[in-house]
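Take a look at the structure below.
Laboratory data are not the source of any read-out in this text; all were calculated from the coordinates shown. The structure displayed is predicted, hence computed values, not measured ones. Cβ placement follows ideal geometry from the backbone for every residue including glycine, while neighbour counts extend to all protein chains displayed.
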Amino acid sequence: MGVQKQSAAEGGQKPAGWRKHIVIYAALVANLGIAVAKFVAAAISGSSSMLTEGVHSLVDTGNQGLLLYGEHRAEKPADKIHPFGYGRELYFWSFVVAILIFGAGAGVSLYEGYVHFVDPHPIEDPTISYIVLAVAFALEGTSWFIALREFREAKGEAGWWRGLRDSKDPSTFVVLFEDSAALAGLIVAAVGVWASVTFDIPEIDGAASMLIGLILATVATLLAREAKGLLIGEPADPVLVQRIRDMVAHEPAVMHVNHVRTIHTSPDAIFVAISADFEDGVSLGDGEAIIERLEAELRAAIPALSSIYVRPEKREDAWVD
């Protein structure tokens, strides 16, 4: 006997729409303006690292567009084809973003850097590059600060690495890591331009481009790893799982909670499957009523539970956690 109920995830930690998207919009606007400025500066100065940075910002702009598309698709309601909703679309597009950072961002940076390293061209006028880099650093820094604030709020008291590993919403941490890589790239580009001009060694500019590529490849690998885990399916927070277990175990008719299995179907929606050993004397009708009551209590206490499945099962027949 099993009873399954579904409802839209609501309440809990789910942020308001504008708060949910502000990080992406801020990064999109910043990167679009920066990309145009960098390409103009690269054309005037002839800087390889500046051209690389322009490609980097252009890729980041496209990435933010993909994240917004993923957010939009993830909000589609469940239907017959996707009975648990479209929440994992966000995880898919986050993975695509990581691949683009690696391929388009890191790949182009490494290629351009290598070409300019083996066939260097002196930078004609670094002034425009310095101006653009300074403006870009200010804009990227603003976007980075917004992403950092949202990520810090989302992770709570957890450490930074644990906050990243436990996060189920890639929008914030993808933008945060993109912006962090962008700031690091701007510093490398500035040093590369300065050193290339100061020491009259144009190869340094190409080397700076390759270093930017390595930074992007490292960040892309990390983001791809996190996005892959979400796409495959990650469980809910252990504290929340224990809370579900305790609530079910508190039911007088439940002799033992065999297991509580959860999976995020979106950042704000969780599917939970519960196996519980009921008293032998509980009739079919009484069992259905108990399960209905348990589901109502769980849904009221934890609104993020979008789907709840309770399976009565003898302890000796169940796979016990």
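Things to note:
- Cβ-to-Cβ counts within 10 Å put I244, I263 in ascending order as I263, I244, the fewest first.
- Dividing the Cα radius of gyration of region 238-317 by 2.2 N^0.38 Å, with N the residue count, gives 1.05.
- For the chain, the mean residue ellipticity at 222 nm estimated from helices alone is -22000 deg cm²/dmol, where every DSSP H run of n ≥ 4 contributes -39500 (n - 2.57) and the total is divided by all residues, rounded to the nearest 500.
- The distance between label points at A273 and V29 comes to 4.5 nm (points 7 Å beyond Cα on the Cα→Cβ vector).
- Note on region 81-193: Cα-Cα pairs beyond 21 Å make up 54% of the total pair count.
- Karplus 3J(HN,Hα) series, Hz, for region 242-251 with 6.51 cos²θ - 1.76 cosθ + 1.60 (x for Gly, Pro): 5, 5, 4, 4, 5, 5, 5, 5, 6, 5
- Ordering of 78-87, 112-121, 49-58, 197-206 by burial proxy (mean other Cβ atoms within 10 Å per residue, highest first): 49-58, 197-206, 112-121, 78-87
- Cα centroid of region 158-205 to Cα centroid of region 208-287, whole Å: 32 Å
- For M255, the amide hydrogen comes within under 5 Å of the amide hydrogens of D277, F278, E279, counting only partners 5 or more places away or on other chains and with H modelled in the peptide plane.
- Rg and Dmax, both from the Cα atoms of region 127-180 and both in Å, are 13.7, 44.
- Gyration tensor over the Cα atoms of the chain: the corresponding equivalent ellipsoid has semi-axes (square roots of 5 times the eigenvalues, largest first) of 52, 16, 15 Å.
- With θ taken as phi - 60° and the Karplus curve 6.51 cos²θ - 1.76 cosθ + 1.60 applied, the whole-hertz 3J(HN,Hα) list for region 33-48 is x, 5, 4, 4, 4, 5, 5, 5, 5, 5, 5, 6, 8, x, 7, 5 Hz, x standing for glycine and proline.
- Length-normalised contact order of region 238-317 in % [C-alpha pairs under 8 Å, at least 6 apart]: 32 percent
- Rounded to the nearest 20, the size of the Cβ-charge dipole of the chain about its Cα centre is 300 debye, with Lys and Arg at +1 and Asp and Glu at -1.
- Packing, as the average of other Cβ atoms within 10 Å across residues, places the peptides 180-187, 169-176 in the order 169-176, 180-187, highest first.
- Here the label points at R299 and I81, each 7 Å from Cα along the C-beta direction, are separated by 2.6 nm in the simple model.
- Which of K155, K228, K168, K38 has the fewest Cβ neighbours within 10 Å, and the rest in rising order: K228, K155, K168, K38
- Modelled label reach - E316, point 7 Å along Cα→Cβ, region 257-278 residues with backbone N closer than 11 Å: none
- With the convex hull constructed from alpha-carbon coordinates only, region 95-149 shows a mean projected area of 5.3 nm² over all directions.
- Cα lying deepest toward the dipole's positive end in the chain, options I204, A147, V59, charges on Cβ: A147
- Taking every DSSP beta bridge that has both ends in the chain, the antiparallel portion is near 65%.
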